[in-house]
Ligand code: FES
């Protein structure tokens, strides 16, 4: 049975990992091996870095497979969404032969009406072959997408 979601916490922050969404960018474990080590089980060691450093790394995950929430905020959550009152300039990057990266938290409204909030970097499929649309699942490498 495939794992859908795994959670790891240090008491302050909880890292959520969705294996099916991971595009194996290697960014997490090459930049913070003390916390993210695919050679170990469990592969996430929440004692390997500070809460701030872990959050900083999770926000770099291009697929959204890694996300986080602060335990205290979750306990105090009222269920209302936070909307910035200031307009933002959004940094969007078209990667060579790969996905479109949205380099900020964003709110996605899907064609079926479902909505979700993505934290950090979100990778949107540009090749059309992802089985996890609208998100990139790494298939662009297998099909050798050029663009
Ligand atoms: S761009 Fe990555 S799967 Fe399509």
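The values are calculated or read from the model by the stated rules, or taken from the named source; none is laboratory data. Just so it is clear, the model here is predicted, and its values are computed rather than measured. Cβ coordinates were reconstructed from backbone atoms using ideal geometry, including for glycine residues, and neighbour counts include every protein chain displayed.
Out of curiosity, is residue 7 closer than 29 Å to residue 139 by Cα and modelled with pLDDT under 90? Criteria not met by residue 7. Among the residues of the range 14-42, just one is in a helix (DSSP H, G or I), surrounded by fewer than 16 Cβ atoms within 10 Å (Cβ to Cβ) and in contact with a helix residue (DSSP H, G or I) (Cβ under 9 Å, 6 or more places away or on another chain), namely 31. If the condition is being touching a helix residue (DSSP H, G or I) at 6+ places or on another chain (Cβ under 6 Å) and within 18 Å of residue 63 (Cα to Cα), then the range 1-13 contributes only 3.
If the condition is being within 16 Å of the ligand (Cβ to nearest atom) and touching a strand residue (DSSP E or B) at 6+ places or on another chain (Cβ under 6 Å), then the range 16-28 contributes no residue at all. Among the residues of this structure, residue 107 counts as one that is more than 8 Å from the ligand (Cβ to nearest atom), farther than 14 Å from residue 61 by Cα and touching a residue at least 24 places away in the same chain (Cβ under 8 Å).
Every residue, every condition in (1) within 16 Å of the ligand (Cβ to nearest atom); (2) over 11 Å from the mean Cα position of the chain (by Cα); (3) closer than 22 Å to residue 106 by Cβ; (4) free of Cβ contacts under 8 Å to residues at least 40 places away in the same chain, yes or no:
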{"position": "14", "(1), (2), (3), (4)": "no, yes, yes, no"}
{"position": "30", "(1), (2), (3), (4)": "no, yes, no, yes"}
{"position": "36", "(1), (2), (3), (4)": "no, yes, no, yes"}
{"position": "44", "(1), (2), (3), (4)": "no, yes, no, yes"}
{"position": "47", "(1), (2), (3), (4)": "no, yes, no, yes"}
{"position": "59", "(1), (2), (3), (4)": "no, no, yes, no"}
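Note on the range 110-146: residues that are assigned to a loop (DSSP other than H, G, I, E, B), more than 9 Å from the ligand (Cβ to nearest atom), in contact (Cβ under 8 Å) with a residue 40 or more places away in the chain and on the phi < 0 side of the Ramachandran plot total 2.
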